[in-house]
Amino acid sequence: MLQGFQNIPKIPELKRRVIITLLLLAVYRIGVHVPTPGIDAAALSAFFAQAKGTLFSFIDMFSGGAFERLSVFALGIMPYISSSIILQLLTVVVPHLERLSKEGEAGKKKITQYTRYGTVLLSLIQGFGISVGLERMTGPGGELVVMDPGWSFRLMTMITLTAGTSFIMWLGEQITERGIGNGISLVIFSGIVAGLPSAIGGSFRLIRTGELGILVTLFLILLMVAVVGAIVYVERGQRRIPVQYAKRIVGRRMYGGQSTHLPLKVNTAGVIPPIFASSIIMFPATIANFLEHPWMKAIATQLEPGSVIYELIYVAFIFFFCYFYTAVTFNPTDVADNMRKYGGYIPGIRPGQKTAEFVDRVLTRLTFSGAVYVSAICVLPSVLITKFHVPFYFGGTALLIVVGVALDTVGQIESHMLMRHYEGFMKRGRIKGRR
């Protein structure tokens, strides 16, 4: 792998793409520290210190610390992700969007344009909600977080946060077009990885003070290596259904007759199920920070991360969204019809409806395995924090994103090398990304 990194500067185009990617990510990290006007930073920091374990913490993880500082990038890239998911789901039920999705590059550009409009709309709505919520926030001493509340502050916050999200969206698109890897994914990746130094530093402090034993530390290191290895293995895992194409004679030439396979991923839904599940469960805890109703406080207490009720509901939502998203994005009937149209069939299975039922049965079992895998990874942080008193967040959605984006980026770099006859990162086998 070290030799593979040494080959990067030897390819001018790849070197240029890597440098552009690093520079644009550096711009994003600088913007994280630019504050939104009209905020008392000390009172805001004190408030967030009391709001751990709510949706605020979840959003702050994806924004790379920008939400806790309430910088111009406080909303992060989440409005764009939400807009993309909404458009993807609407493609199944809205005929116009379904036609656009099948029109190739022109249709893709139109859907991308709709996604951008949706991002701006969601950013304005969320910016207004955040500005109203900030006006109600107070620090431990009762001091207001907003120094001059009113409509002027609300409009300024809406415009500032929307402009910040739009700029991040532009950065991500520039990385995808001119850099290396998926820009939006790399933006999220950089935000999550930015919290690693503080986590490592906190661990060393606990080791020096004796609060974290050496044996426990070694066990955690081995566990982390094993978990990362398991994620890499499962994310690259596929269930390959053999497909045989019948021979056809067209004129004087013979076509078909080859054997191939239909690859089905173990984790088809990716990281969307835990993101949706966390957002839904943590919503009451977040609302409870704004409202003082006793029953809201009681619900928030029962749904704190680490409690048995929270984990059970969390796993149930993950299973639901794994099956729901897989059903929306993968249609076995369409796959069976396309196979029959081109003369393909699964050995031992009749074409048509029987093939669709077979693929659906295999996909259902795979989705169950993927849901179990995602649930185990997402519950792991709560177990480590509550049982082993680990001082940092390891596992969950963040780890799935980090490993997946790393595999994608390394795979694209290796493809550039192999196209120019350079040896890749691995002497044996290829690095396969998640897409």
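The values are calculated or read from the model by the stated rules, or taken from the named source; none is laboratory data. What you see is a predicted model, and the numbers here were worked out from it, not measured in a lab. No Cβ is skipped: glycine too gets one built from the backbone with ideal geometry, and neighbour counts run over all protein chains shown.
So that you can scan it fast, the table gives a plain yes or no per residue for (1) modelled with pLDDT under 90; (2) outside the structural domain of residue 96 (by TED's automatic domain parsing); (3) more than 29 Å from residue 97 (Cβ to Cβ); (4) not in a helix (DSSP H, G or I):
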residue	(1), (2), (3), (4)
127	yes, no, no, no
130	yes, no, yes, no
134	yes, no, yes, no
142	yes, no, yes, yes
148	yes, no, yes, yes
165	no, no, no, no
Can you pull out the residues in region 385-416 that are in contact with a Gly (Cβ under 7 Å, 6 or more places away or on another chain) and modelled with pLDDT under 80?
385, 386, 391, 392
Residues of region 186-213 that turn out to be surrounded by fewer than 22 Cβ atoms within 10 Å (Cβ to Cβ) and either hydroxyl-bearing (Ser, Thr, Tyr) or not in a loop (DSSP other than H, G, I, E, B) (or both), as a count:
17
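Might you let me know whether region 53-68 holds any residue that is within 28 Å of residue 128 (Cβ to Cβ), at pLDDT 85 or above and assigned to a loop (DSSP other than H, G, I, E, B)? Lay out the reasoning, then the answer.
In the first step, residues of region 53-68 are kept if they are within 28 Å of residue 128 (Cβ to Cβ); the result is 53-68.
Then keep just the ones that are at pLDDT 85 or above; that gives none.
No, because not a single residue in region 53-68 is within 28 Å of residue 128 (Cβ to Cβ), at pLDDT 85 or above and assigned to a loop (DSSP other than H, G, I, E, B).
Among the residues of region 99-118, how many are touching a residue at least 40 places away in the same chain (Cβ under 8 Å) and either farther than 21 Å from residue 165 by Cβ or outside the structural domain of residue 80 (by TED's automatic domain parsing) (or both)? Walk me through it before giving the result.
Step one: of region 99-118, the residues touching a residue at least 40 places away in the same chain (Cβ under 8 Å) are 116.
Next, only the ones that are either farther than 21 Å from residue 165 by Cβ or outside the structural domain of residue 80 (by TED's automatic domain parsing) (or both) stay: none.
The number of residues fulfilling the criteria is 0.
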Residues that are exposed (fewer than 13 other Cβ atoms within 10 Å of the Cβ) and either touching a Phe, Trp or Tyr at 6+ places or on another chain (Cβ under 6 Å) or not in a helix (DSSP H, G or I) (or both), drawn from region 104-125
104
